[in-house]
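The values are calculated or read from the model by the stated rules, or taken from the named source; none is laboratory data. Source: prediction; values computed, not measured. Backbone-built Cβ (ideal geometry, glycine too); neighbour counts: all protein chains shown.
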Amino acid sequence: MTTPHPGAARPRPQPDQESEFFWTSGRDGRLRFRSCTACSALIHPPQPICRHCRGHDTDVRAVSGRATLIGFTVNHRFPLPGLPAPFVVAQVAIEEDPRVRLTTNVVDCEPEDLRIGMRMEVVFEQAGDTWLPLFRPAADQPDPAPLPADDPPPEYVRGHVRRPPVTSRFEDRAVISGAGASRIGRRLMVPPLHLTVEACEKAVADAGLTLDDIDGLSTYPGGGAYGGFAEGGVTALESALGIRPVWHNGAGETFGPGGSVIAAMLAVAGGLARHVLCFRTVWEATYAELVRQGKIRLPRGNTADGWFKPFGAASPAVMLAMNAQRHMHRYGTTRETLGWIALNQRAGAAGHPDAIYRDPLTMDDYLSARPISTPFGLYDCDVPCDAATAVVVSAAETAADLPRPPVRIEAVGTQIVERPEWDQATLTHEPQVLGQAAHLWTRTDLRPPDVDVALLYDGFTFNCLSWIEALRFCAIGEARDFLDGGKNIARDGILPLNPHGGQLSHGRTHGMGLLHEAVLQLRGEAGARQVHNARTAVVSSGGLTPSGVLLLRTDR
């Protein structure tokens, strides 16, 4: 297995006041965590309060350094200084409190010899003034241990969901009145704000409005250093359009791109605005090309923030791969299960003239594709591209004046039930889908069989599988049978899934493209890929935590 490259330094952690004790514990070879003195729970990442008993009295406690291997992936695609690919990223559950997990690397063992449930022990590697806790198989190996229990378990998440506090629903006071999309492609070499304006002008015109009618702006993630994943946010677009909004919103800590739409719904439902323009732009492909050409310079240095990057977990693919592996371990899911999702999206993209990948894809193609981060291969991953998408959220009382039938919002799902930290959350599904999906069904009398078309986030195939089970289109752990053969998710199946090709084949529009397709499907404007008599659609967004989900309907 890959070990740090001689002469190269892997990324070093960036300790702060809360975490310095953890990153320097290895100086004496002892692993330490913050611990609650009242209930003895380990607290990781370090916090000033225990999330279990909410006690405030904590101290730092040394533990045995023993743990159970609960997941691992061989990362083939994302090398880092000192960590040339391939290398193993793993997660372990700490023996003294298995609710606490560490993302780490495995040493002194070949990947093919690793098994979920193995007993592990800590060893430390010095990186500057810090010590990285790595793990190796312990000399004594009892029978493999089961995966630790989730809190709450996937099957019982619904018991933690809060019912609506009032009978009136803000969803009834908002509609989606317009939708627009810019050109889409690989390396368009167009400044991202140009794409944003293009999509926004189309959305406003589609709603039968002018830019002067727009009195709100909402986006995700907003301005800031987001590389190829933003155009500058509300500030940049308002500067370009000059519309003087009475309300605006831009934030990364919301329910993905769907969060900008939900915020806009609340604004119009509360009477703060009448027409809110929601937008999302990605230009990752061009950004990467400009970095390659030296026209954009990435920050230098060998430090890494967070709890993942010092161990080479620099991509969501690496983290989500371990969740997929655990689903396979617990429920018997196979790579072919994920393959049916990839094949379905490619078949849908063939009917979309703007889709980036439209050539036929076979199961042999899928299974033989180059590995990315096991069990994910190339076709488990979405397609980086340049594109912008926009929708207009309007007050419901304006619907009679709209040129097209409005798309109504039946319900939203937003509740966080799991822990927000990726490696402390649900083990066997994408984090932050179970609670949001369960919350959705508390806000409507409709049920999963009432859904005519599903636009489910597919940054990776496993995202889709997680949403399918979370939304109860099949029971937890039954996706293998539900997806087998691909018939159930085909355009003429019981749950038509991402009929435009999704992000796996149409292109990585970061969830907003799913909403755009839902609008077209509910209007009956999707052309060759139209789902027959589509009147209800579910749309999820996310891919990172947190996420959200919307249930849409039409009166046509």
Practice task
For segment 210-247, name all the residues that are of a type in the set (Ser, Thr, Tyr) and over 24 Å from residue 513 (Cβ atoms).
Solution key: 210, 239
Fill in the blank from the handout: Taking segment 533-556 and keeping residues over 23 Å from residue 461 (Cβ atoms) and at pLDDT below 90 leaves 555, 556
Handout entry: Considering residues of segment 353-378 that are under 13 Å from residue 508 (Cα atoms) and within 22 Å of the chain's Cα centre (by Cα) only, the residue surrounded by the fewest Cβ atoms within 10 Å (Cβ to Cβ)
Key = 357
Practice task
Quickly run through segment 465-476 and pick out the residues that are more than 20 Å from the chain's Cα centre (by Cα) and surrounded by fewer than 18 Cβ atoms within 10 Å (Cβ to Cβ).
Solution key: 475
Fill in the blank from the handout: The condition of being assigned by TED's automatic domain parsing to the domain that holds residue 262, farther than 14 Å from residue 341 by Cα and free of Cβ contacts under 8 Å to residues at least 12 places away in the same chain holds, among 517, 525, only for 525
Practice task
Those residues that are part of a loop (DSSP other than H, G, I, E, B) and at pLDDT 95 or above, I need them from segment 214-241; list them, please.
Solution key: 214, 215
Handout entry: Boolean, residue 497 is more than 17 Å from residue 353 (Cα to Cα), touching a Leu at 6+ places or on another chain (Cβ under 7 Å) and surrounded by 24 or more Cβ atoms within 10 Å (Cβ to Cβ)
Key = yes
Problem - Filtered residue count, segment 505-526, keeping only those that are outside any helix (DSSP H, G or I) and touching a Lys or Arg at 6+ places or on another chain (Cβ under 8 Å) - result: 4
Exercise for the section: Provide a single number: the residues in segment 62-75 that are surrounded by fewer than 17 Cβ atoms within 10 Å (Cβ to Cβ) and not in a strand (DSSP E or B). Expected result: 1
Practice task
Please tell me if residue 123 is surrounded by 22 or more Cβ atoms within 10 Å (Cβ to Cβ), in contact with a strand residue (DSSP E or B) (Cβ under 7 Å, 6 or more places away or on another chain), at pLDDT 95 or above and not polar (S, T, N, Q).
Solution key: no
Practice task
Filter segment 100-113 for residues that are surrounded by 19 or more Cβ atoms within 10 Å (Cβ to Cβ) and either out of contact with any Phe, Trp or Tyr (no Cβ under 9 Å at 6 or more places or on another chain) or assigned to a loop (DSSP other than H, G, I, E, B) (or both) and give the result.
Solution key: 100, 101
Handout entry: Residue that is surrounded by the most Cβ atoms within 10 Å (Cβ to Cβ) [pool: residues in segment 433-450 that are of a type in the set (A, V, I, L, M, F, W, C) and part of a loop (DSSP other than H, G, I, E, B)]
Key = 433
Exercise for the section: Could you check, for segment 259-279, whether at least one of its residues is charged (D, E, K, R) and modelled with pLDDT under 90? Expected result: no
